[in-house]
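Undergrad: Can you read through this structure? Questions will come right after.
The values are calculated or read from the model by the stated rules, or taken from the named source; none is laboratory data. If you're wondering where the values come from, they're calculated on a predicted model, not measured in any experiment. Because the Cβ atoms are built from the backbone with ideal geometry, glycine has one as well, and the counts that use them run over all protein chains shown.
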Ligand SMILES: *Cc1c(COP(=O)(O)O)cnc(C)c1O
């Protein structure tokens, strides 16, 4: 089976480096928020071209704490899209703010700026822009809109490690960027992990407090925070995995290139090409097909695993039916959710496996 992710196929050299890093943590006798976390915070912030990083327990907390550190809470509205991981919206809700769902652009599945404009009210305090599937686009339009309307921009970079446009990295455009290092992300731990990145020292200091019970110095709690600390073992492992990230990203891009060149089936729509070679890190390669479930079964028969990101848009989730949204509706999100299918695109895939996926897609004939 050609899998969506295959960690067991990773280089033995990486595996042994991670084991050495883990032993180093054992030897140190220090397990939560220590030197390994600080080193990885610095390393990841530097990769992002941002001054500071604050390690978190996961990506959802990084979004939540980014918003709270920017002073967003009850009474405020935060715009994001209906086509994202549930965590994006759940994080907004957890701050006490009100999420408002914008529609996506049909070509890219990213937030439509026209739709976002329709969602703006006097209560709008922030936009959480999701670099979905690993693509970053047209940031000027977003930063200009946010500046003009006095809205804070927070980037959900959970799928976009090392994506960049005009030489600027995902996570460096807004007031803060939130990363997840969940195992399946382009840079993943062997458990949960996340990070907030920002150039704003006040935001960073507040975030570091909020992740640790709202504690400023030991046993002093000026705020009510949460427990979302990053542990030393995950940080040490992430430091080792970071050394491989750029070559893994190159491999993802090569696979995507092969898909763009090789997929040739009128029933299957390839994703929009990225604006530049660095603007997409192919966390996911997502095709659209009107007969999505038939295509999924066909691929399964040809030993190709697929997933769906995401089958249900947020506004159709049972817990979110009453959520505020673009007054013109969210038709593009609904159409995308009904037709999208993610095909394998991970750095351990061999060329021969890429060819098998392409052949299987091209042999699909529908009903
Ligand atoms: C994975 C993901 C998150 C949440 O990250 P966790 O580490 O799982 O909490 C948020 N947003 C997007 C777009 C994601 O893909």
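Undergrad: Taking only pairs six or more apart or across chains, which ones have beta-carbon atoms under 6 Å, a first residue in region 71-89 that is touching a residue at least 24 places away in the same chain (Cβ under 8 Å) and closer than 15 Å to residue 155 by Cα, and a second residue that is part of a helix (DSSP H, G or I) and near the ligand (Cβ under 9 Å from one of its atoms)?
TA: 80/88; 87/60
Undergrad: Mind checking which residues of region 115-132 are over 21 Å from the mean Cα position of the chain (by Cα) and either within 16 Å of the ligand (Cβ to nearest atom) or not in a helix (DSSP H, G or I) (or both)?
TA: 120, 121, 122, 123, 124, 125
Undergrad: Quick one: in region 103-114, which of the residues that are within 16 Å of the ligand (Cβ to nearest atom) and not in a loop (DSSP other than H, G, I, E, B) is farthest from the chain's Cα centre (by Cα)?
TA: Filtering first and then ranking leaves 104.
Undergrad: Of the residues that make up region 18-38, is at least one under 20 Å from residue 227 (Cα atoms), modelled with pLDDT of 95 or more and buried (at least 24 other Cβ atoms within 10 Å of the Cβ)? Lay out the reasoning, then the answer.
TA: Just the residues of region 18-38 that are under 20 Å from residue 227 (Cα atoms), to begin with: 30-38.
Retained after the next criterion (residues that are modelled with pLDDT of 95 or more): 30-38.
Adding the requirement that they be buried (at least 24 other Cβ atoms within 10 Å of the Cβ) leaves 36-37.
Checking region 18-38: at least one residue is under 20 Å from residue 227 (Cα atoms), modelled with pLDDT of 95 or more and buried (at least 24 other Cβ atoms within 10 Å of the Cβ).
Undergrad: Taking the condition touching a residue at least 24 places away in the same chain (Cβ under 8 Å) and surrounded by 15 or more Cβ atoms within 10 Å (Cβ to Cβ), does residue 141 pass? Show your work before the answer.
TA: Details: touching a residue at least 24 places away in the same chain (Cβ under 8 Å): yes; surrounded by 15 or more Cβ atoms within 10 Å (Cβ to Cβ): no.
Judged against the criteria, residue 141 is not a match.
Undergrad: Out of the residues in region 152-165 that are touching a residue at least 60 places away in the same chain (Cβ under 8 Å) and over 10 Å from the mean Cα position of the chain (by Cα), which is farthest from residue 283 (Cα to Cα)?
TA: So the residue we want is 152.
Undergrad: So, of the residues in region 63-100 that are closer than 13 Å to residue 129 by Cβ and outside any helix (DSSP H, G or I), which turns out to be nearest to the ligand (Cβ to nearest atom)?
TA: Residue satisfying both the conditions and the ranking: 84.
Undergrad: Could we say that residue 200 is under 18 Å from the mean Cα position of the chain (by Cα) and within 23 Å of residue 95 (Cα to Cα) here?
TA: no
Undergrad: Which residues, taken from region 259-268, are touching a residue at least 60 places away in the same chain (Cβ under 8 Å) and outside any loop (DSSP other than H, G, I, E, B)?
TA: 259, 262
Undergrad: For a quick check of your reading: which strands (runs of 3 or more DSSP E) sit entirely within region 149-246 and have at least 3 residues that are within 29 Å of residue 348 (Cβ to Cβ) and more than 16 Å from the ligand (Cβ to nearest atom)?
TA: The strands (runs of 3 or more DSSP E) meeting that bar number zero.
Undergrad: If you don't mind, there's one more thing I want to ask. Quick check: anything in region 274-287 touching a residue at least 40 places away in the same chain (Cβ under 8 Å), surrounded by 21 or more Cβ atoms within 10 Å (Cβ to Cβ) and in a helix (DSSP H, G or I)?
TA: No: zero hits.
Undergrad: Could you look through region 296-315, keep only residues that are over 21 Å from the mean Cα position of the chain (by Cα) and in a helix (DSSP H, G or I), and pick out the one that is surrounded by the most Cβ atoms within 10 Å (Cβ to Cβ)?
TA: 299
Undergrad: In region 209-226, which residues are surrounded by fewer than 22 Cβ atoms within 10 Å (Cβ to Cβ), within 17 Å of residue 34 (Cα to Cα) and in contact with a helix residue (DSSP H, G or I) (Cβ under 9 Å, 6 or more places away or on another chain)?
TA: Matches in region 209-226: 209, 215, 216.
Undergrad: Given (1) part of a helix (DSSP H, G or I); (2) away from the ligand (no atom under 15 Å from the Cβ), identify the lone condition not met by residue 44.
TA: Failing condition for residue 44: (2).
Undergrad: Same structure, new question: Suppose the filter is more than 21 Å from residue 97 (Cβ to Cβ), modelled with pLDDT under 95 and touching a strand residue (DSSP E or B) at 6+ places or on another chain (Cβ under 9 Å); does residue 138 pass it?
TA: Here the answer is yes, as residue 138 does meet what is asked.
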